[in-house]
1. For segment 105-131, name all the residues that are in contact with an Asp or Glu (Cβ under 8 Å, 6 or more places away or on another chain), over 25 Å from Arg3 (Cα atoms) and buried (at least 19 other Cβ atoms within 10 Å of the Cβ).
2. From Glu136, Glu71, which residue is touching a helix residue (DSSP H, G or I) at 6+ places or on another chain (Cβ under 6 Å), closer than 22 Å to Ile25 by Cβ, of a type outside the set (Val, Ile, Thr) and modelled with pLDDT of 90 or more?
3. Out of segment 11-32, which residues are surrounded by fewer than 19 Cβ atoms within 10 Å (Cβ to Cβ) and either assigned to a loop (DSSP other than H, G, I, E, B) or basic (Lys, Arg) (or both)?
4. Say we look at segment 33-43 and pick out the residues that are of a type outside the set (A, V, I, L, M, F, W, C) and part of a strand (DSSP E or B); which of these is surrounded by the fewest Cβ atoms within 10 Å (Cβ to Cβ)?
5. Going by what's in this entry, would Gly116 be described as of a type in the set (Gly, Ala, Ser), under 24 Å from Ala24 (Cα atoms) and free of Cβ contacts under 8 Å to residues at least 40 places away in the same chain?
6. Suppose we filter Gly46, Gly50, Gly91 for residues that are exposed (fewer than 15 other Cβ atoms within 10 Å of the Cβ) and more than 12 Å from the chain's Cα centre (by Cα); which single one remains?
7. Go through segment 55-101 and report how many residues are touching a Ser or Thr at 6+ places or on another chain (Cβ under 7 Å) and farther than 18 Å from Ile122 by Cβ.
Amino acid sequence: MERTIGFKERRYIEELRILTRATAIDCIIDEKFERVIYVIRQGDMGLAIGKKGENIRRLQNVLGKKVEMVEYSDDLFQFITHMFKPANVTGTKESAIPGTIDIIVKQKGDLGLAIGKGGTTIEKARILSRRFGGPEIGEIIVEEASGGTQ
């Protein structure tokens, strides 16, 4: 799947580079949730975030929108894990729907994080998965208990 980046997205990517010296591979302007999602080159996430999130705050002030960042990875599972952070994604499995995968999280508390307030996180993952030619994202499932007591 070919990704096309418009003028506004290019401007936002350049703004990120100027403010943080980090490189963004892609930028998505999500009007539904009034946010900008950056896909950051692998290894540049620390530069992009800055000390205590300083760069993200500066970027949000300049752009006037909420800013979210996802670190890119060539490994599909690792990329999916980055999309759902801070939720602890432990695996994926094929869904009953062809071409769709379900996301497995470690514990029930990660379920809310993986979905996000109003579905923001799962929607971000669906947008990125489509844009980067990955499988469709289906449901979020809590990992079955291993039978041991804690």
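The values are calculated or read from the model by the stated rules, or taken from the named source; none is laboratory data. Just so it is clear, the structure is predicted and the values come from calculations on it, not from any experiment. No Cβ is skipped: glycine too gets one built from the backbone with ideal geometry, and neighbour counts run over all protein chains shown.
1. The answer is Val105, and nothing else.
2. Values: Glu136 fails: touching a helix residue (DSSP H, G or I) at 6+ places or on another chain (Cβ under 6 Å).
On inspection, the qualifying residue turns out to be Glu71.
3. Across segment 11-32, the qualifying residues are Arg11, Arg17, Arg21, Thr23, Glu31, Lys32.
4. Here is the first cut: in segment 33-43, the ones of a type outside the set (A, V, I, L, M, F, W, C) are 34-35, 38, 41-43.
Cutting the leftovers down to part of a strand (DSSP E or B) gives us 35, 38.
Working: Arg35: 17, Tyr38: 26.
So the residue we want is Arg35.
5. Details: of a type in the set (Gly, Ala, Ser): yes; under 24 Å from Ala24 (Cα atoms): yes; free of Cβ contacts under 8 Å to residues at least 40 places away in the same chain: yes.
Yes; evaluated as a whole, the condition is true for this residue.
6. Only one candidate qualifies: Gly46.
7. Applying the first criterion (touching a Ser or Thr at 6+ places or on another chain (Cβ under 7 Å)) to segment 55-101 yields 55, 77, 79-80, 82, 84, 89, 101.
Subset that is farther than 18 Å from Ile122 by Cβ: 55.
Selection size over segment 55-101: 1.
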